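K.L.:
Let me begin by handing over the structure; questions about it come next.
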Amino acid sequence: MTDSDIPEDAPRCSHCGEPFPTERLRALHRGLEHPDSLDDAERAAFEDAYRGEGDDIRSFRLRALAALVALYFGFLMTYAVVAV
Ligand SMILES: [Zn+2]
């Protein structure tokens, strides 16, 4: 991504000026990179974003596990049909 790809109105970190595609990513960045200089609203936004990220990761893990199980049984059934 080059500087020309970043829209002018992208949310920017109020501490280091780095641009982010979404408010949620900016809140996560501020909580992880500038934890000692957050005000109450920024800290609340970080905690909400952090909790939301945990839910997304849990959902991704379940979907990845389901895909692996489906792939495993797909190969197993293919082997059973081809090898016998
Ligand atoms: Zn920053």
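Quick note: the coordinates plus some simple rules give every number you see, no bench work behind them. Worth saying up front: this structure is predicted, and the values here are computed from it rather than measured. Methodologically, a virtual Cβ is constructed for each residue, glycine included, from the backbone with ideal geometry; neighbour enumeration extends over all protein chains shown.
K.L.:
What's the local net charge at Leu32, with K and R +1, D and E -1, over the other residues with C-beta under 13 Å away?
P.N.:
It works out to a net charge of -2.
K.L.:
How large is Rg/Rh for the chain, to two decimals, with Cα atoms and a Kirkwood Rh?
P.N.:
1.31
K.L.:
Here is a further query. Would you work out which of Pro11, Ala41, Val84 lies farthest towards the positive end of the dipole of the chain? Charges go on Cβ: Lys and Arg +1, Asp and Glu -1.
P.N.:
Selected residue: Val84.
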